[in-house]
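A short worksheet on the structure shown next.
The values are calculated or read from the model by the stated rules, or taken from the named source; none is laboratory data. Note that the structure is predicted; figures quoted are calculated from it, not measured. Note that each Cβ is placed from the backbone with ideal geometry, even for glycine, and that neighbours are counted across all protein chains shown.
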Amino acid sequence: MTIAIVCIAGVGLVAAIVLAIADKYLSVKEDPRIGMVTAALPGANCGGCGFPGCDGYARALVAGTAPNGACAAGGDACAAEIAKILGVEAAATEKRVALVKCCGTRSEAIRVGDYNGICDCNVAAATAGGDKGCTYGCLGYGACANVCPKNAISIHDGLAKVDKRLCIGCGKCVAICPKRLIELVPASATIHVLCNNPDKGPSVRKVCGVGCMGCHLCEKNSGGKEAGHFTFQGFLAKVNYANPPADAQIVAKCPAKCMVEDAHFESGN
Amino acid sequence: MLLVGAVLVNNFVLNRFLGCCPFLGVSKKMDTALGMSGAVVFVMTIAAAVTWCIDHWLLTPNGLGYIHTLAFILVIASLVQFIDIAMKRFLPPLHAALGIFLPLITTNCAVLGAAEINCKQGTGFFESVFFSFAAAIGFGFALVLFSGIREKLAHADPPRCFRGIAIALVTGGLLSLAFMGFSGLVKLPY
Amino acid sequence: MKTVKSQFKFKGGVHPDYNKELAREQPIERLLVPAELVISMSQHLGAPAKCLVKPGDFVRRGQVVGEKNGFISVCVRASADGKVKAVEKRLGPAGGKADAIILDTTEKPEGEAPAVADGPVLPPLDWKTASREELLKRVEEAGICGMGGAGFPTNVKLNPPPGKRCEYLILNGAECEPYLTADYRLMLERAPRIRLGVEIMRKILGGPAVRIAIEANKPEAIKAMEAAFADIDGNVEIVVLPVLYPQGSEKHQIFATVGRVVPEPPALPIDVGCVVENVGTVAAIADAVELGEPLLDRVTTVSGGAVATPKNILAPCGTKYSDLIAFCGGEKEPVAKLISGGTMMGFAVSTAEIATTKTTSGLLLLPRSKVSQYSSQPCINCGRCVRACPMNLNAAEIAKAVESNDIKAAEDAHVMTCIECGACSFSCPAYRPITQFCRRAKNSIRARIAAEKAKAAAAANK
Amino acid sequence: MKPKETAEHYILSSSPHAHSNSSVSRIMLDVILALLPTTAVGVWFFGMPAVWTIATCVSTCIVTEALCRLAMKRENTIGDLSAIVTGLLLALNLPAGIPLWMAVVGSVFAIGVSKQVFGGLGMNPFNPALAARAFMLISFTGPMTTWLKPLWWKTPDAVTTATPLAAMKGMFAADATAHATPHAAQNALEQIPSLCNLLTGNMPGCIGEVSAIALAIGAAYLLWRKVITWHIPVAFIATVAVYSLIAGGAPAYAQVLTGGVMIGACFMATDYVTSPTTSKGKLIFGFGCGLLCMLIRQFGSYPEGCSFAILIMNAVAPLINRWTQPKPFGAK
């Protein structure tokens, strides 16, 4: 028995000494911050940041080649901690979320063709411009939903909808949308214009029952041009998110019915 | 013959069901599977040599055969650590390729299993090392095969309840079924 | 001059039903200028032209209305007299939107006599005395781009970068797309024009050998070209190609005629000393030089099972599809699919309000019975697409990778070499949209490269 | 208010807009047609038990496929005929006299465990019929190796008998010790049916694997219909023949014509889903099948290695595919 204990202890001791020596004389010097950042990260190795594992992201962070805050799993707390380690301020910006600027559901916007092919907006748009009559509107083939790392986007009635609570504002959907109709807006904003068609009223009406006609009523009702709550691009009203309108009454007064209060779909689970 | 026997007939994963954890864990991509196989071959061969020495010169003479499992765990764990550190220092390219797999092997039962089998059979030093090497090759072979299938399965669309590890287990079972065909091909002494 | 059989056969390829008998015997007919033309600024490959007119302006036939905008770009000229009704974004056949001039041809420019329909627009040039630069400039002024489908600016093609020499000028008369007969009719009816075009191009390119590639299923065209080129001097051969789709693809034609292999992108045919031009383009060059006639109209085949009388029509660029269909006597039966171009590489469009461009070689009206639907069945790994692929790609793997959103794997499988000929989808027993998967991968890879470039440029500016 | 839509839309799809009109169900129908001669011969030799086995396997496969799709809430795929092909192939790989409940279990395993679990046709890594056969061979070794004697077999007194394969296995060993016991080798050689019987299938074995001529007719039909290419069958059979020439033992023609080699090479190994796509890959695949098959026949503990060999090569197929990617036209 004693021999056994001695043997095991001996083996353990020898191993420990060898390891200790190895660590001291053989180890490679690395930036100590890499280890600290790795520790601060969740360690899930999910790859959501685009780097091979948390360690890879940590190295990129320390090297300054990756933006802080790309770790969706760790969230703000994690970003703040990393910022502390790296000695830079976490960008103190307001939370921004994606907004799909189209409300032309299947029952409101016309279709002009029977699309037969891959369920992806980019290729659908490359096929005769898409099957939707409005060439600016959401095709509903879910390219944005596919790239969303948080599954915050879902397709309802031919339209993409963003769940505000899940969205982390990474902007991947903004980049992938072939119609360029997704925008990052402040999460606090509640009044939105859900249309992306800058054409004249009559041509909008030909393809969609709820398209913005550029009638400027929203502008008038919210205090006129001087108030600066809206900007116009062609015949399309856009909310000035730097100075958003507060009076929810204008929503009901929109004759085109493309204005809503809190457009963010909430899945309820 | 020993090589064929250990690689095909008594394949560690598919017939002895040793090392199932990395078999399922790192077989999603062919590249990682190759890296893992390399690391296993490397560690298993060295571990066999070291454990044989320990067993033969330290434990057996002292009549301590009954604690060899404990001793081997200790030795293999520290050995892997040591290799990790040494490799990082002297062979950085190899470390970059195998590095992340080394810590995983620390607890790999295939390594321990090979050491156990060796000391149970009481084989000579070179035979032990060679057997471990062959077993590791067999493990790597199964791992690479399996990763090929799993890469193919990545495009498959199984029912939701079977996605991920469940379907991998079913596949592993079928692969093991196929390997049954090799039984009797080589009569091993153990 | 001699006629030889092609000695090189590329791997892969398919045999679709050609259906050329529908319009093959129809002589080219001229369409009178329709009441409204939609002249797109993007009729060619590369940057769209810059629009020079505004609503209310009167324009004359041949007047430059769109200015060349960049190196790879050509000018756009008005195809008829008329008044500009509007300048707006219009959908093109490929699904993209571009500025287009809506021209009302019923209102003629004031105070002047109606223009002669075919009057010279540019001063005619004597190609024998004109310099190479003058000829090149004329090709550019005439707004000529490849009329086979891609629309690559011809003056760029005819002006190889320094250090590269054109050894072979290859005339593409393969017309391997099903249904289309526009090039075939052109070769029959305008063979002397094509010969003249060849001589002009030979001068511009510094006297390369000439190969005229025609598929074996067009014996009359081969005869017509033999007659027209009988007394030409120099190294000129007519190469009879086996009937195999995609024989008309630039890379495969180069291989079939002269046995050279164009390397992977970004290599171009000129890197192996070849320039390939469509026969229509060659005839347009002859017109532009000898007659001073810019590229204002082109021959378009209107065919398919649902059109009353299939025809080959010489129509002004910018003619709406609806006008072409009306000229052919309308629809015989309900149209299930309207295709701009051929069935293998053409674009399905959603409306007949789209207008022709310099590259519209055909307009097909397919009835329901001729339309096959794509499905989402899984791949059964039969390997037919791999055998069919003329670029020797593993199309099945690419499609599967794209299907599971693994664009990287598709890139590793060389998806960027894909020429989108459609042979894979054509041969797939599971009716999978393989070509579309390839297209999707290529789009996202291009988008990623563009984004990386933009990022690098932004970083450089900082 | 929704604006007015035109009643009929054009179909919008990406090019090409033409199709070769081949289809999955047509391919499967071709395979079934190609298997008909073999099935007929099997029924002719083994009588009603064969009919019952085939009927049981095919119907169980269809029902299992339908139930699985129903449980998965997916589109029913009986129409692609692949379940019938699986059922037929499995039945042809079973001895005629097998208890029917075992055939049912095997069919359920084939469709349920080795095909639909992976998501159905096109996704399975192993050939369903072969996986089921291997599963049955291991689970019901006795019944799976009890061969019903065909009509006109030369030992009329017995109902069941051994296959020539068992005899041939002995011959490998016998060959090595031929000098010592020439008598044993002679005995074994007598166990092998005549070439004529080998070709027509008048010998004990699975329902579908006995008649080489019927299988060859089916294979020729598939080649003519361009359903399969020559690579896998030729590589497979050639490897078996060359191996037996080199290793000695039973004559090469006997090795090729007995057991599952013919049906395996022409119908099982050529299964699209589980074999490589490129020509080079197919040659390697066929070679591997032949080699493993003979190794198991000579050294393994099972008399027949064909199904195991193909199963193992099924597992290697993704690797072969990966390393035999075609080189693009114009690539260096």
Next on the checklist: I need the full set of residues from region C:284-295 which are crowded, with 23+ Cβ neighbours inside 10 Å and out of contact with any helix residue (DSSP H, G or I) (no Cβ under 7 Å at 6 or more places or on another chain), in order please.
Outcome noted: C:Ala284
Checklist entry - Does at least one position in region B:174-188 carry a residue that is touching a residue at least 12 places away in the same chain (Cβ under 8 Å) and more than 11 Å from chain D (Cβ to nearest Cβ)? => result yes
Item to check | Subset of region D:100-138 [within 21 Å of D:Glu209 (Cα to Cα) and of a type in the set (S, T, N, Q)] | outcome: D:Ser107, D:Asn127
Checklist outcome for this item: Exactly one of C:Arg193, C:Arg211 is surrounded by fewer than 24 Cβ atoms within 10 Å (Cβ to Cβ) and of a type in the set (Lys, Arg), and that one is C:Arg193
Checklist entry - Got a number for residues in region D:199-241 being outside any loop (DSSP other than H, G, I, E, B) and either under 30 Å from D:Trp52 (Cβ atoms) or touching a residue at least 12 places away in the same chain (Cβ under 8 Å) (or both)? => result 25
Item to check | Those helices (runs of 4 or more DSSP H) lying entirely in region C:302-411 with at least 2 residues at the interface with chain D (Cβ under 9 Å from one of its Cβ atoms) | outcome: C:384-388, C:395-403
Checklist entry - Out of region A:7-62, which residues are at pLDDT below 75 and more than 14 Å from every other protein chain (Cβ to nearest Cβ)? => result A:Asp31, A:Pro42, A:Ala44, A:Gly48, A:Cys49
Checklist entry - Within region D:240-261, which residues are surrounded by 21 or more Cβ atoms within 10 Å (Cβ to Cβ) and either within 14 Å of another protein chain (Cβ to nearest Cβ) or at pLDDT 90 or above (or both)? => result D:Val240, D:Gly259, D:Gly260
Item to check | helices (runs of 4 or more DSSP H) completely within region A:131-212 that count 3 or more residues being under 17 Å from the mean Cα position of the chain (by Cα) and not charged (D, E, K, R) | outcome: A:143-147, A:172-176
Next on the checklist: Filter region B:145-164 down to the residues that are facing another protein chain (nearest Cβ under 7 Å), charged (D, E, K, R) and within 22 Å of the chain's Cα centre (by Cα) and list them by number.
Outcome noted: B:Glu151
Checklist entry - Is it the case that region C:414-427 has a residue that's among the charged types (D, E, K, R), within 8 Å of chain D (Cβ to nearest Cβ) and buried (at least 23 other Cβ atoms within 10 Å of the Cβ)? => result no
Checklist entry - Just checking, which of A:Ala246, A:Ala242, A:Ala237 is modelled with pLDDT of 85 or more and over 29 Å from C:Glu88 (Cα atoms)? => result A:Ala242
Next on the checklist: I'd like to know if region D:255-273 contains one or more residues that are more than 20 Å from D:Gly201 (Cα to Cα), out of contact with any helix residue (DSSP H, G or I) (no Cβ under 6 Å at 6 or more places or on another chain) and assigned to a helix (DSSP H, G or I).
Outcome noted: no
Next on the checklist: Just to be sure before I move on: is D:Asn314 out of contact with any His (no Cβ under 8 Å at 6 or more places or on another chain), closer than 19 Å to B:Gly181 by Cβ and either within 8 Å of chain B (Cβ to nearest Cβ) or part of a helix (DSSP H, G or I) (or both) in the structure I sent?
Outcome noted: yes
Checklist entry - Which one is farthest from the other protein chains (Cβ to nearest Cβ), of the residues in region D:283-304 that are within 18 Å of D:Val234 (Cα to Cα) and out of contact with any Phe, Trp or Tyr (no Cβ under 6 Å at 6 or more places or on another chain)? => result D:Phe287
Item to check | Some residue of region C:32-46 being farther than 22 Å from C:Val84 by Cα and surrounded by 15 or more Cβ atoms within 10 Å (Cβ to Cβ) | outcome: yes
Checklist entry - Considering only region A:118-130, how many residues are more than 10 Å from chain D (Cβ to nearest Cβ) and either touching a strand residue (DSSP E or B) at 6+ places or on another chain (Cβ under 7 Å) or assigned to a loop (DSSP other than H, G, I, E, B) (or both)? => result 2
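So in region D:45-78, with the set limited to residues that are among the hydroxyl-bearing types (Ser, Thr, Tyr) and under 19 Å from the mean Cα position of the chain (by Cα), which one is surrounded by the most Cβ atoms within 10 Å (Cβ to Cβ)?
Initially, region D:45-78 is screened for residues among the hydroxyl-bearing types (Ser, Thr, Tyr), giving D:53, D:56, D:59-60, D:64, D:77.
Narrowing the set further to residues that are under 19 Å from the mean Cα position of the chain (by Cα) leaves D:53, D:56, D:59-60.
Details: D:Thr53: 28, D:Thr56: 22, D:Ser59: 15, D:Thr60: 23.
If we take residues in region D:45-78 being among the hydroxyl-bearing types (Ser, Thr, Tyr) and under 19 Å from the mean Cα position of the chain (by Cα), then D:Thr53 is surrounded by the most Cβ atoms within 10 Å (Cβ to Cβ).
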Item to check | Long-range neighbours under 6 Å by Cβ, at least six apart or interchain, first residue assigned by TED's automatic domain parsing to the domain that holds D:Phe308 within region D:264-280, second outside any helix (DSSP H, G or I) and among the β-branched types (Val, Ile, Thr) | outcome: D:Thr270/D:Ile228; D:Tyr272/C:Ile380; D:Val273/C:Ile380; D:Thr278/D:Thr324; D:Lys280/D:Thr324
Next on the checklist: Take the conditions charged (D, E, K, R) and not assigned by TED's automatic domain parsing to the domain that holds C:Cys166 and apply them to C:Asp287. Does it pass?
Outcome noted: no
Checklist outcome for this item: Within region C:164-209, residues being part of a loop (DSSP other than H, G, I, E, B) and more than 17 Å from the chain's Cα centre (by Cα) number 9
Checklist entry - Does A:Ser154 satisfy the condition of being surrounded by fewer than 21 Cβ atoms within 10 Å (Cβ to Cβ) and either in contact with a His (Cβ under 6 Å, 6 or more places away or on another chain) or within 11 Å of another protein chain (Cβ to nearest Cβ) (or both)? => result no
Checklist entry - Looking at this structure, is A:Tyr115 more than 17 Å from the chain's Cα centre (by Cα), buried (at least 19 other Cβ atoms within 10 Å of the Cβ), within 14 Å of chain D (Cβ to nearest Cβ) and among the hydroxyl-bearing types (Ser, Thr, Tyr)? => result yes
Checklist entry - Quick one: in region D:110-126, which of the residues that are away from chain C (no Cβ under 14 Å) and surrounded by 24 or more Cβ atoms within 10 Å (Cβ to Cβ) is nearest to B:Ala168 (Cα to Cα)? => result D:Ser114
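Find the helices (runs of 4 or more DSSP H) located wholly in region C:210-295 whose residues include 2 or more that are within 14 Å of chain D (Cβ to nearest Cβ), farther than 28 Å from C:Ala315 by Cβ and of a type outside the set (Phe, Trp, Tyr), and list them. Can you show your working first?
Details: elements: C:219-229, C:250-258, C:279-286.
Per the criteria, C:250-258.
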Next on the checklist: If I go through region B:11-44 residue by residue, how many of them are surrounded by fewer than 19 Cβ atoms within 10 Å (Cβ to Cβ) and hydroxyl-bearing (Ser, Thr, Tyr)?
Outcome noted: 1
